[in-house]
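Working notes for the structure below.
The values are calculated or read from the model by the stated rules, or taken from the named source; none is laboratory data. A quick note: this is a predicted structure, and the numbers were derived from the prediction, not measured. Note that we place each Cβ from the backbone using ideal geometry, even for glycine, and neighbour counts take in every protein chain shown. Heads up: the accessible areas ignore ligands, DNA and RNA and are worked out on the full protein's heavy atoms, side chains in. Shrake-Rupley method; radii C 1.70, N 1.55, O 1.52, S 1.80 Å.
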Amino acid sequence: MAPINAQLHHPSVFNNKGFCNAAVHSRYLRRFHDPPIYPSLPIHASAFSKYDMNIPSLIHSLGWQSLVENMWLSYCPEAVRLFYVNIQRGPGTNPAFFTTMVFNFEIKVTPELLATTLDFPHTGLCAGTDSQFGALGFDFMVSLESLTRDIGQFFPSCLAAGRLPDDLKVLHFFYTRSFLPRDLSTTDLLHPSDLWVLSHARAGTPISYASLMFHHMLKYGMEYFGGPLPFGPQITRLLSFLRIDMRDKLHQCNVLDDLRPQHVLAKLDALVGLRKPLTGSGGVETGSASYASGRLVGALVDAVITVIKRESSSEMEQSITLKKLRQEDLMWPKFVYESGSINDPISSDSESESSEASDEDGVSKYEYPPEYPF
């Protein structure tokens, strides 16, 4: 090998393995050296059918049903961080590709590569940026007005996701936490890409998931986003397909598999899900609001009478006054509608189903939803 001639070749001052240049290495140390990887969230869309929500139909309308069915359970944290920190966007305002380097392998990433290697949906309308949405005739404000509504609750912004109907709230939850996870400080707001997805789900028009994911990756690499890095298992599988050796570097995913529909609906302050639906009804109890309210008051009176009889049945407890009745017996209607944590006694099988949802200590699991960071 011929020696390096300093007059012909500038001496290299940067030799950190796995980084394009010193600036990239510095950015890695500032931002990418230790962020966690976003946890995996299985989507049990059919579980919401008992609340009269056809979430599988919305996902199927987008052509995204394969995203619910396929799930990978391992990832390489080091490779995922290198993938993001080394992203270099292609030319133009809407680049057709970006390049990145992982373990000294340079990779040219396109939506087509994501679709072919990961079997991601890439049919229908292909767009991933605001300008691409507009070029296809999408109007953000028209979509916002058609999908949101006044629910009698104050929101600080007209872009609040809480103004969506309940089924779209659920789809938006999974979109911002599973399909295209993002910084939790923005999950309560409707971005153009959110309305792009929700409006086409409602209209039954397939759109390209690979295009959205491509531009989502690009944003995480080029701009600042707080929180965990998304797509850990997907990026790891992509690199494995490209024959990049990650043996002895794989970790098991943190899978959030015990999040129930009631937990999601309570998180979203949905109008349904706070009361357990009647068995076989397929949803919450129908009928007028006054009728339901009357049943609720009647159930409260019955609960109080039951407690009084129970208190008076024992000589030891005869001195206990009504003030010492258990708080949940007196206050459960307010608690139910605020947190959705107690089952509705209107349901004829509330006792049997609540016992099935109880742990060994007899405490309902619905009273203590998982403390996930979303």
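Protein heavy-atom accessible surface, 1.4 Å probe, per residue over segment 11-111: 49 Å².
Surface composition of segment 79-234: carbon plus sulfur atoms hold 56% of the accessible area, using a 1.4 angstrom probe and ignoring ligands, DNA and RNA.
So how much slack lies between residue 142 and residue 252, counting 0.36 nm per residue of separation and subtracting their Cα-Cα distance, in nm? Can you show the working numbers first?
Details: separation 110, 0.36 × 110 = 39.60 nm, distance 4.31 nm.
Going from the current span to full extension adds 35.3 nm.
Spacing of the modelled spin labels on residue 185 and residue 23, each 7 Å from Cα toward Cβ, amounts to 2.4 nm. Taking the centroid of alpha carbons for each part, segment 131-194 and segment 53-84 are 19 Å apart. Does segment 82-200 classify as rounded, prolate or oblate by the C-alpha gyration tensor (a ≥ b ≥ c root eigenvalues; a/c under 1.5 gives rounded; else a/b over b/c gives prolate, otherwise oblate)? In terms of gyration-tensor shape, prolate.
With each label modelled as a point 7 angstrom along the Cα→C-beta vector, the residue 245-residue 125 pair spans 4.7 nm.
Identify the chymotrypsin sites (Phe, Trp or Tyr not before Pro) of segment 175-234 meeting these criteria: DSSP loop state and at most 14 other C-beta atoms within 10 Å of the C-beta. Working shown, then result.
Working: sites: 175, 179, 196, 209, 214, 220, 224, 225, 231; in loops: 224, 225, 231.
Qualifying residues, ordered by number: 224.
The mean accessible area for residues of segment 172-241, using a 1.4 Å probe and ignoring ligands and nucleic acids, is 29 Å² per residue. Annotation for residue 88 and residue 60: the two label points, set 7 Å from Cα along the Cα-Cβ direction, are 4.6 nm apart.
Shape class of segment 90-139 from the alpha-carbon gyration tensor: oblate, with a/c at 1.5 or above and b/c at least as large as a/b.
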